[in-house]
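Before we start, here is the structure in question, set down as structure tokens.
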Amino acid sequence: MALSPEAREARRRNLVDSAHALVRETGGTGFSMLELARRAGVSPATPYNLLGSKSQVLRRVIRDEFESFAGRLSRQPPLPPFAHLLRAIDLVAVHYLDEPAFYRGLYHAVLDTNAGELRAMMTVEGQALWRAMIEAAAADGALDLLVDAPTLTALLLRTMGGTVEAWLAEDWDGARFAAEMAVSTRLLLLGLTHGEAAKQLRAEIAEAAARAEPNLP
């Protein structure tokens, strides 16, 4: 009997959730499609039939994570574009600290020399989310784009990614992770701001650096 659209979507959701759990539990993305089927409690053919290849499964997991973060951000009270961008940056640490084992597994996989496709997936999703916020802050006059928006977005993503990697590699506590994220990203943006926005960034950098300092080695 053919599945209804609702039942098919429920099974897809179960498979994506199961893949997410396997990343968290195994510390990477090296699980097989057979392991995924077993974890989800479905036949070996079901993941292929409903989601496609392993790459397509991982694409859904990554997109799901970005959508989860975007949804969390959308539930925050409205702010001007630049303040919204800063809040989004700060929310990254909060979001990652909710599921450190998952992000440890995801970043472990991304840093593998053979993970070009996985990194490309994350880059595409990251550009779509963060570029819109950067462009909105620029349009509002808070940011002077000395480079184009995609280039600045890529720099911001690399800065955040490097901070995440340091958090995982050095086993920082949550307070230091959040403070280091605030300092590194605001230092990047400081050279593109002026007036009240620059004054705000300087104050926030000083405050975040003070929070990080007691935890420095």
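The values are calculated or read from the model by the stated rules, or taken from the named source; none is laboratory data. Not measured: the values here are computed from a predicted model. Virtual Cβ from ideal backbone geometry, glycine too; neighbours counted across all protein chains shown.
Could you list all residues from the stretch 22-77 that are touching a His at 6+ places or on another chain (Cβ under 9 Å) and in a loop (DSSP other than H, G, I, E, B)?
Residues satisfying the conditions are GLY27, GLY28, THR29, GLN76.
Then there is this: LEU97 - would you say it is modelled with pLDDT of 95 or more, more than 18 Å from LEU129 (Cβ to Cβ) and not in a loop (DSSP other than H, G, I, E, B)?
Numbers: modelled with pLDDT of 95 or more: yes; more than 18 Å from LEU129 (Cβ to Cβ): yes; not in a loop (DSSP other than H, G, I, E, B): yes.
Judged against the criteria, LEU97 is a match.
State all residues of the stretch 127-156 that are surrounded by fewer than 20 Cβ atoms within 10 Å (Cβ to Cβ) and under 30 Å from GLY105 (Cβ atoms); if no residue qualifies, say none.
Matches in the stretch 127-156: GLN127, ALA128, LEU129, ARG131, ALA132, PRO150, THR151, ALA154, LEU155.
Kindly indicate whether LEU3 is within 22 Å of ALA109 (Cα to Cα), without any contact (Cβ under 8 Å) to a residue 12 or more places away in the chain, exposed (fewer than 14 other Cβ atoms within 10 Å of the Cβ) and out of contact with any strand residue (DSSP E or B) (no Cβ under 6 Å at 6 or more places or on another chain). Outline the logic, then answer.
Numbers: within 22 Å of ALA109 (Cα to Cα): no; without any contact (Cβ under 8 Å) to a residue 12 or more places away in the chain: yes; exposed (fewer than 14 other Cβ atoms within 10 Å of the Cβ): yes; out of contact with any strand residue (DSSP E or B) (no Cβ under 6 Å at 6 or more places or on another chain): yes.
Here the answer is no, as LEU3 does not meet what is asked.
Sticking with this one: Condition (residue is in contact with a His (Cβ under 8 Å, 6 or more places away or on another chain) and in a loop (DSSP other than H, G, I, E, B)) applied to the stretch 144-167: is it met by at least one residue? Before you say what the answer is, go through the steps one by one.
Of all residues in the stretch 144-167, those in contact with a His (Cβ under 8 Å, 6 or more places away or on another chain) come to 144.
Filter once more, so that each one left must be in a loop (DSSP other than H, G, I, E, B): 144.
For the stretch 144-167, residues in contact with a His (Cβ under 8 Å, 6 or more places away or on another chain) and in a loop (DSSP other than H, G, I, E, B): present.
Continuing with this model, one more query. Here are LEU58, LEU106, LEU86: which of them is at pLDDT 95 or above and of a type in the set (A, V, I, L, M, F, W, C)? Talk me through it step by step, then tell me what you get.
Numbers: LEU58 fails: at pLDDT 95 or above; LEU106 fails: at pLDDT 95 or above.
That would be LEU86, the only listed residue that is at pLDDT 95 or above and of a type in the set (A, V, I, L, M, F, W, C).
Would you point out which residue out of VAL57, VAL23 is under 30 Å from ILE134 (Cα atoms) and under 25 Å from the mean Cα position of the chain (by Cα)? Working first, answer last.
Details: VAL23 fails: under 30 Å from ILE134 (Cα atoms).
So the residue among VAL57, VAL23 that is under 30 Å from ILE134 (Cα atoms) and under 25 Å from the mean Cα position of the chain (by Cα) is VAL57.
Scan VAL124, VAL183 and give me the residue that is touching a helix residue (DSSP H, G or I) at 6+ places or on another chain (Cβ under 7 Å), part of a helix (DSSP H, G or I) and surrounded by 12 or more Cβ atoms within 10 Å (Cβ to Cβ).
Numbers: VAL124 fails: touching a helix residue (DSSP H, G or I) at 6+ places or on another chain (Cβ under 7 Å).
None of the other options fit; the residue is VAL183.
Also, quick follow-up: Being surrounded by 14 or more Cβ atoms within 10 Å (Cβ to Cβ), β-branched (Val, Ile, Thr) and under 24 Å from the mean Cα position of the chain (by Cα): is that true of THR29 here? Outline the logic, then answer.
Values: surrounded by 14 or more Cβ atoms within 10 Å (Cβ to Cβ): yes; β-branched (Val, Ile, Thr): yes; under 24 Å from the mean Cα position of the chain (by Cα): yes.
The answer is yes for THR29.
Can you find a residue that is among the hydroxyl-bearing types (Ser, Thr, Tyr), surrounded by 17 or more Cβ atoms within 10 Å (Cβ to Cβ) and outside the structural domain of PHE177 (by TED's automatic domain parsing) anywhere in the stretch 41-53?
Within the stretch 41-53, the first condition is being among the hydroxyl-bearing types (Ser, Thr, Tyr), and the residues that meet it are 43, 46, 48, 53.
Keeping just the survivors that are surrounded by 17 or more Cβ atoms within 10 Å (Cβ to Cβ) gives 46.
With the extra rule that they be outside the structural domain of PHE177 (by TED's automatic domain parsing), the set shrinks to 46.
There is at least one residue in the stretch 41-53 that is among the hydroxyl-bearing types (Ser, Thr, Tyr), surrounded by 17 or more Cβ atoms within 10 Å (Cβ to Cβ) and outside the structural domain of PHE177 (by TED's automatic domain parsing).
Keeping to the stretch 117-168, report how many residues are at negative phi and either outside the structural domain of TYR103 (by TED's automatic domain parsing) or over 17 Å from the mean Cα position of the chain (by Cα) (or both).
15
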